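What follows is one structure encoded as structure tokens, with my remarks underneath.
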Amino acid sequence: MKKTLIITLCLLWSVLLHGQLPWQSVTTPEEACAAWAARMNTIFQQLDLSKEGLQGVKAAYESGDLAGACRLLLRYYDSRPASHSKEHPPVSEQTIASADSILNDCFTFQRVAGRVPRRDDGHLDWSFEGPENDIEWAWALNRHYPVNTLLAAYFKTGNPAYARYIDQFVKDWIIRSWPYPAKKSSTAMWRGLEVSFRVKMWAQVFYDFAGTGFISPATRLLILSSLPDHAHYARNFHAQNNWLTMEMSGLATLATAWPEFRESKSWLDYTITAMTESMKGQVYPDGVQTELSSAYHRVALSNFSLFHRICKGAGISLPPYFTQTIEDMWHYLACTMRPDGHGILNNDSDLDSNRDAILKMAEEYGRPDWQYVASNGKAGEKPAKGPSFFFPWAGQLVSRSGYDEDAHWSFFDIGPWGSGHQHSDKLHLSVSAYGRDLLVDAGRFAYRGEVAKKFRSYATGSQGHNVLLIDGNGQAPGDPVTKEPVPEKDCLILPQNDLARGSFDRFNQLEGGCKHTRTLAYQRGDFWIVVDQIATDRPRKIEALWHWHPACDVSAEGKTVFTQNKRGNLQIIPLGRHEWELKQIKGQETPAIQGWYSRVYNQFEPNTVSVYTTQIEGNSTFAWVLFPSEAARPGVTAQLITETPTELKIKVTEKNNKSWFIAIPLSPQGKTLTN
């Protein structure tokens, strides 16, 4: 109470001393022109006042009536067809807890809550990095994420407090952003991604509240004054690849939402060229975004799709290549979706659900095959190809037994490293069955802050994945992008089997030469076999890592590891002549991080990792049978029958005496599996 009184007295003293309202109280065009005359003038210097409907605005401005021109300009925007596009709810005092927190300057970004301090002049501290000193937190604040939460809360409740906070929030940011730096930046306020996100938020605020009075004329004028700065930044200082898609969709939003700016057409023309060329550079012919992260694929796709909608709304046709690529990108998400609706957890991704989006796109694109996959076969039409899918440019094989909720699903990576947000995890394998994740990728944890300090190298390194460590060393960076697809000989999908093979030979701080080749054989509806071949010029220590989902109850008997879950289980049975030492590690912090899992950004928990270690003297081959089952321990045995340089023959037997004889080719010439 005492602090509030002091601030109020200071503001009153400022008014008496300088004859100017505090920034919070500036609401009318007259007050805005008195407080920020230069900024208001820039609006009209940037507009094409010869446009239809702006004649009165032009006359008022040229006669020197700046406030009158501002009033007429806002009246023009209120009369545009784009205004009043949303029906407003009845006014009420209903509240929503998440929005009420924001009214107290408490924000939650990336699952970390913090209260942004205010300066003595009442402005928020826009550089505040949250309780964990993470610049990502400050960037989220400057993207205006809270505005989105408040908009949803307002239109659900009709509580004007939410709209009024938006008014002050936007006004606050614009005033504190002066002067515009006009240079490439990575500060909390000025960076390409934040520029793009703000513009999209402002378009909603500017038009959704037109004529309501909840967003003051002064704030709307401030938005108009800041838009050319945002356009200049996006046009001149944008990044490439995935960032470019976000930045150009923001510039296109600005150009089409406010076509009255003199440069709006040139801004839009630039975005069309930049987005089309960027799509060609960052999306492979199989429809996969080159970062090879399921999450960032979705980000790029969302922005390509948004750009398409913006252009369509403006009556602009995009090249057929552009629209076809968007469909191909949705196809990738549909085909790789797990039976439970989640996408791939790979590279820097969270475990996100894609089901609702795919069902919506299936209707929009007329794709009953997507509907079939997303509905677990309950609607739509069964895909002509499948149930396994291989994306040769991405080098990703998704094996499935079918499309039902209990179907087997696996993800095998034999492709390039990725153009961004990469993990060193080539030849990684994830497995789920019977509605449960079993073998998993560790996740991304965080990019900055305390969580990242502890876990980031684990997340990006080989040690967080189901791969091999050679002499304790993980993989070095691979090729970021590829100029050609995986050869057909390295992946084969048959009615009863899938077979894929990949190799890697770059390891951190490794003496001499060593090449790891992994072959995955999936017997559809039954089990997986993994064959690891090591070609080496000297003896090596080999560590095979198998990371389990945290919810799995993991046990071991001899060298066989198995789960004892109520439903949805897996056994790992090592085969061959090698003597393995088995350790089960969970939640280890020293001597090195091991046994941790992050489903979403900034959240983590311990999980069990089965670490098999052996010494080899030279070139070696070893195999693993991964046998899924609904119930625990179905009594499966496996043995290696014969091993030659070109083939392994393996027998797998279930307790009911059902047996499989599998011949796995180890050379490119071997193209068939037998059963």
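The values are calculated or read from the model by the stated rules, or taken from the named source; none is laboratory data. Remember, it's a predicted structure, so these values are computed and weren't measured experimentally. Cβ: placed from backbone, ideal geometry, glycine included. Neighbour counts: every protein chain shown. Ligands, DNA and RNA are stripped out before the accessible areas are found, and what is left, the full protein with its side chains, is counted by its heavy atoms. Shrake-Rupley method; radii C 1.70, N 1.55, O 1.52, S 1.80 Å.
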* Could you tell me the convex hull volume per residue, in Å³, taken over the Cα atoms of segment 353-499? => 156
* **Set 280/483; 454/586; 515/541; 280/385; 515/583 screened for pairs whose C-alpha atoms are more than 18 Å apart** => 280/385; 515/583
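Over every pair of different alpha-carbon atoms in segment 496-547, take the mean of 1/r and invert it; report that Kirkwood radius in Å.
Result for segment 496-547, one decimal place: 12.8 Å.
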* **Cα Rg, Dmax (largest Cα-Cα span) when computed across segment 556-675, Å** => 17.2, 47
* To do: Averaged over every viewing direction, what's the projected area of the C-alpha convex hull for segment 206-272? Give it in nm², one decimal, please.
  => 4.8
* Asked: When ranked by the protection proxy of mean other Cβ atoms within 10 Å per residue, highest first, what sequence do the peptides 133-142, 205-214, 551-560 form?
  -> 133-142, 205-214, 551-560
* Asked: Between residue 583 and residue 476, what is the spin-label point distance in nm, taking each point 7 Å from the Cα along the Cα→C-beta axis?
  -> 2.6
* Structure fact -> So, for the Cα atoms of segment 50-155, Rg and Dmax in Å stand at 19.6, 53
* Structure fact -> Contour minus Cα-Cα span, residue 667 to residue 164, at 0.36 nm per residue, comes to 174.3 nm
* Roll a 1.4 Å probe over the protein chains and send me the accessible area per residue for the chain in Å². => 41
* In whole percent, what relative contact order does segment 359-493 give with Cα contacts below 8 Å and a gap of six or more residues? -> 19
* To do: Would you mind listing how long the chain runs along its three principal axes, going by Cα atoms, in whole Å with the largest first?
  => 94, 57, 49
* **Rg and Dmax of segment 441-501, Cα atoms only, in Å** => 16.4, 48
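For a quick protection proxy, order the peptides 60-72, 292-304 by their average other-Cβ count within 10 Å, most packed first. Mind dumping the intermediate values first?
Working: 60-72: 18.0, 292-304: 23.5.
With the highest mean Cβ count within 10 Å placed first, the list reads 292-304, 60-72.
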* By how many nm would the segment from residue 404 to residue 489 grow when fully extended, if each residue of separation counts as 0.36 nm and the alpha-carbon distance is taken off? -> 27.6 nm
* Cα-based reach from residue 58 at 14 Å (exclusive), listing aspartates and glutamates while leaving out same-chain residues under 8 positions away -> 48, 260
* Hits among aspartates and glutamates - C-alpha to C-alpha of residue 489 under 17 Å, sequence gap 8 or more where chains match -> 413, 498, 647
* Asked: How much of the accessible area of segment 327-442, probe 1.4 Å, is carbon plus sulfur, in whole percent?
  -> 44
* State, to one decimal in nm, how far the label point of residue 37 lies from the label point of residue 619, with both points 7 Å from Cα in the Cβ direction. => 8.6
* Asked: Near residue 86, which aspartates and glutamates are there with a Cα under 20 Å away, not counting those fewer than 8 places off in the same chain?
  -> 78, 167, 208
* Structure fact -> In this structure, the FRET efficiency calculated for residue 327 and residue 506 from their beta-carbon separation, with R0 = 35 Å, to the nearest 0.05, is 0.50
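When you count, for each residue, the other Cβ atoms within 10 Å and take the mean per peptide, how do 321-334, 412-425, 654-667 rank with the highest first?
Peptide ranking by packing, descending: 412-425, 321-334, 654-667.
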* To do: Would you mind calculating the gained length between residue 95 and residue 363 on full extension (0.36 nm times residue separation, minus the Cα-Cα distance), in nm to one decimal?
  => 93.0 nm
